[in-house]
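Each remark here refers to the structure printed beneath this line.
The values are calculated or read from the model by the stated rules, or taken from the named source; none is laboratory data. Note that the coordinates shown come from a computational prediction; the quantities given were computed from them, not determined experimentally. Ideal geometry is used to build each Cβ from the backbone, glycine not excepted, and the neighbour counts take in all protein chains shown. The accessibility values were calculated without ligands, DNA or RNA, using every heavy atom of the protein model including side chains. Shrake-Rupley method; radii C 1.70, N 1.55, O 1.52, S 1.80 Å.
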Amino acid sequence: MTVTKTAQDAGLWVFGYGSLVHNPGYKYSASVEGYIRGWRRVFHQGSTDHRGVPEAPGRTVTLEAAPGAVTWGVAYRLAGDSEEQQRTLAYLEWREKQYDLRVHVDVYSRHHPDVPAVRGALTYVATSDRSRNPNYLGPAEEEVIAHQIATSQGPSGPNHEYLFRLADAMRQMSVVDDELFQLEVLVRQRMAALGLSAAEVAAAADVVTAAEVAAAAAGLPLGMAGPEAAAAAGSAAEAAACAAEKLESLCETLEGGPNAAAAGSVEAEAGLGSSDSIRSRAG
């Protein structure tokens, strides 16, 4: 694939908003932390080649058009001569092969919000057109998405690692992404409720603390960690139990409807049973 659209300095730029943010995997000569306008980051794309498998796809991010929205990421200027840049693009075509749309976006920086820092950066989008993108999963209840991310794994590693690293990268950029951080908390709760090892849960827990998990379970704003959160939720273990009970309620709602199969899959994977057994697993 040959791309001729160029950025303001005649270089070739790529904008990453998912794993490319923290793991570009190619050489670049410059990078700009910034955001694009009119696009929202969502976990609607199924991953059967990196963070899941065909019989149990994971979820990765894509972009959906949303007036007024912004999505933060990193723009990279590809290094090397034209031949090397084409090799990099060939690598990206392989890596992003499940993403069916290539678009060019203007990238704005925090310090210069009125003028694009990079014009026409290439980015990859997975659309909802299943005739072109058969792996598109689309929206779902937060608890269902959290369960899927908590339990899926593919050739590139566990799905939760993908989420946690992206959330951590946003924090390192001083970006507040409430939807992303809320999903991160829900996935940690789900992992705890499923009885996954403390080492797995803590592997990427350098930033989100038990108090933050408790705050989320209590319905308090993210970032509120302290006596209020502890008093409201008790502990991180109780927060996990709350998440499990919420998922069980969701499955009961789904049963008998068009999503009955999905509900059964969630219950089977989670091992949901009585409230006592759920609390036992959460603890």
TODO: Select from region 123-162 the residues that are more than 29 Å from LEU12 (Cα to Cα) and in contact with a Phe, Trp or Tyr (Cβ under 8 Å, 6 or more places away or on another chain) and write down the one among them that is surrounded by the most Cβ atoms within 10 Å (Cβ to Cβ).
DONE: ILE149
Task: region 109-126, residues that are free of Cβ contacts under 8 Å to residues at least 40 places away in the same chain, of a type outside the set (A, V, I, L, M) and within 18 Å of TRP39 (Cα to Cα) - done: PRO113, ASP114, TYR124
TODO: Test each condition in (1) open to solvent by 30 Å² or more (accessible area, probe 1.4 Å); (2) outside any loop (DSSP other than H, G, I, E, B); (3) farther than 19 Å from SER19 by Cα; (4) among the small types (Gly, Ala, Ser) for GLY120 and report the one that comes out false.
DONE: (1)
Open item on the list: I'd like the full set of residues that are surrounded by fewer than 19 Cβ atoms within 10 Å (Cβ to Cβ), farther than 14 Å from GLY34 by Cβ and not basic (Lys, Arg), limited to region 163-176.
Closed with: ASP168, GLN172, VAL176
Task: Members of region 14-53 found to be without any contact (Cβ under 8 Å) to a residue 60 or more places away in the chain, in contact with an Asp or Glu (Cβ under 8 Å, 6 or more places away or on another chain) and outside any strand (DSSP E or B), listed by number - done: none
TODO: Could you tell me which of the residues ALA140, ALA65, ALA150, ALA146 is closer than 25 Å to GLY34 by Cα and at pLDDT 95 or above?
DONE: ALA65
Open item on the list: Suppose we filter region 58-108 for residues that are free of Cβ contacts under 8 Å to residues at least 40 places away in the same chain, surrounded by fewer than 16 Cβ atoms within 10 Å (Cβ to Cβ) and outside any strand (DSSP E or B); how many remain?
Closed with: 5
